[in-house]
1. Just name the residue that is surrounded by the fewest Cβ atoms within 10 Å (Cβ to Cβ) out of those in the stretch 63-113 that are aliphatic (A, V, I, L, M) and assigned to a loop (DSSP other than H, G, I, E, B).
2. Here's a check for you: in the stretch 309-343, which residue that is assigned to a helix (DSSP H, G or I) and among the charged types (D, E, K, R) is surrounded by the most Cβ atoms within 10 Å (Cβ to Cβ)?
3. Filter the stretch 422-472 down to residues that are within 22 Å of Cys9 (Cα to Cα) and among the β-branched types (Val, Ile, Thr), then give me how many there are.
4. State whether one or more residues within the stretch 34-49 are more than 22 Å from the chain's Cα centre (by Cα) and modelled with pLDDT of 95 or more.
5. Kindly indicate whether Thr580 is closer than 24 Å to Leu517 by Cα, among the β-branched types (Val, Ile, Thr), free of Cβ contacts under 8 Å to residues at least 40 places away in the same chain and out of contact with any strand residue (DSSP E or B) (no Cβ under 6 Å at 6 or more places or on another chain).
6. State all residues of the stretch 1-41 that are surrounded by fewer than 12 Cβ atoms within 10 Å (Cβ to Cβ), closer than 30 Å to Ile484 by Cβ and in contact with a helix residue (DSSP H, G or I) (Cβ under 9 Å, 6 or more places away or on another chain); if no residue qualifies, say none.
7. Restricting attention to the stretch 184-236, and to residues there that are free of Cβ contacts under 8 Å to residues at least 60 places away in the same chain and aromatic (Phe, Trp, Tyr), which single residue is surrounded by the fewest Cβ atoms within 10 Å (Cβ to Cβ)?
8. Being of a type outside the set (Phe, Trp, Tyr) and without any contact (Cβ under 8 Å) to a residue 24 or more places away in the chain is the filter here; which residues of the stretch 91-106 pass it?
Amino acid sequence: MSYNSIHKCLIDNKLWSVISVLLLGWYLSPLFYHTFYVPIFDNLDSNVVWYKILAESGKIFAPNNAIIPNMMGGLPRSSYGSEFNLILWLYYFFNPQTAYIINEVLIHLIAFFSMFLFLRKYVVAPSNYYGNVPTFLGAITFALLPFWSGAGASIALLPLVTYSLLNITSGKDNKWDWIILILLPFYSSLVFLYVFYLLIAGIYFLYDSIKHRKINKKFLIALLLMGTMFLLSEYRLVYTMFFDKGFVSHRTEFDIFFQEDLWECYRRALVDFLIGHIPHAQSLQQKYILPLIISAALLLLVRHRLNAKESLVIWLLIIASFFANIWNTILINRYLLPVLALYSLYIILRKQKYRIFGYLLLLMIVLCLLAGSFEYKGFAYITTIIPLLKGFNIIRLFFVEPLIMISLLAIAFVIFFRKLHFTIFAIFVFLTFQATYSISKSFYQTSPQSGYASFTQYYAPSLFKKMKQDLSFKKNLDVVGYGIEPAILLFNGFYTVDGYSTNYPLEYKHRFGKVILKYKHSQLYEKWGSKVYILTVPNQLGTYLSIKHKKIKITSLRFDNQALCNLSTDYLVTPYHLKTPQDRNLTLMHYYKGQPDSWDIYLYKLHCSP
């Protein structure tokens, strides 16, 4: 069989459809094991419990000021987000673990088809020589990224939303483009991503209007429609932010500017460019994707297509660069971003055929630099001019990175196809390594990992069921965790005085602050404060990422008794054995021995003077 025949077989759409299905199935397969492990941070400790509480509250459609009593002494309904959210209804109709699995499968399937449509129409046109291979490659690489499921399909839908907006902008739209924009808010997040996406799209609209000296009315209507639909779906947030004078959010005390050194801000921008934002927006680009993008960019200096021998030499050099670990040195160099920015300008000015490649690379660099610079203390005065900025995490500007990086990857392989022989074989090698890497970085694993836990391991429902029985469980009992996250107690039906909320009353932040005021060794609570925890370790971020508390005995306790009593706390739940609980008016009620890989729990009664 000739090389051309082999090449034709390897670019066949049916083959790549099968490859895509197999890789997606492999990636998602851990979700269907009897036991699988998922991240604790910003996942089991928060989103799962928030959706469960609201789904079981009976107050999904209640007014904003209706109190849901489970967490932090009772939070208003507005603190739990919108009822126009697909994930909430998954938790309403299914148990939490099943809802979690369905959400994950939906996100990754949407990601594949979303990116496939976008790349095929607007980034990489099909070719007789390479077919749809770069499109399939980009779509499957995108679908195998670790998407943060708390924001639904926010990032997974980015390519599809961009596809629809470009259709509308160019006058090639149909009813489905408008339907996509209308339905988008029901499975994505305005605060997490789309407020910043709309800002970027708005800037592009201004650029387009100035360039053509004409307002594209359809594009403007599309942006207004998107914004309106998000505001309607997030009406609770809009009302509390702009109209509810009685609700003052703890977010008004956010200190988003905390870096005193501009070089440190630049370093953060470089980190964002290389690895994205963990865990919320990762492109997994540093190991293989970025090196190949840069290699393809350098190939643009070659004017003609290299012959077979020259191509083989280039591929061997690229492979050798990985084994020699050259890329780590290149990518962490402090001059990487300015050099790439200048080279992007060269591509834009001198390589008209690949101008989009230069624009995308430059856009990614600019967004990362903007996000990094917004952490500089010198810019804090901006919030005095625009107070609303305090409630938003502006570093999310670069959360569009996965869309841009995968688009660059697809274009990079088009460049390889046009400049080198044997590219189809290189694609199979890349996909093997990148898919393996993606699976190793997946948000669900089949074996225990640091910072991961299974639902049963983390929430330990059988252990807390026994605790409920011993307490003759009454929901009006308020407990506090010490060395154990309140999410665990909340999941099992307890009411807590501590908690984790992204939007709760500022007044409660100050009240709980008195519990830990004397014992804090970091300013995290004052500057952020979304995790209303008792910090058991100095400078701790307030999260417990491993279950290593067995047989630990604690002498010095880091909380104020009277402040806890003022919050009507009845019991303290901890995995620690407290040596002298009587010194803090605590009495050991029960000890519960859990599974070897889960919690052992001590239940202490807190005695408060009348």
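The values are calculated or read from the model by the stated rules, or taken from the named source; none is laboratory data. These numbers were taken from a predicted model, which means no experiment stands behind them. Here the Cβ is made from the backbone with ideal geometry for all residues, glycine too, and neighbour counts use every protein chain on show.
1. Only one residue tops the list, namely Ala66.
2. Ranking the qualifying residues of the stretch 309-343, first place goes to Glu310.
3. So the answer is 5.
4. No: the stretch 34-49 contains no residue that is more than 22 Å from the chain's Cα centre (by Cα) and modelled with pLDDT of 95 or more.
5. Here the answer is yes, as Thr580 does meet what is asked.
6. Phe32
7. Looking at the filtered set, the residue picked out is Tyr207.
8. Across the stretch 91-106, the qualifying residues are Asn95, Thr98, Ile102.
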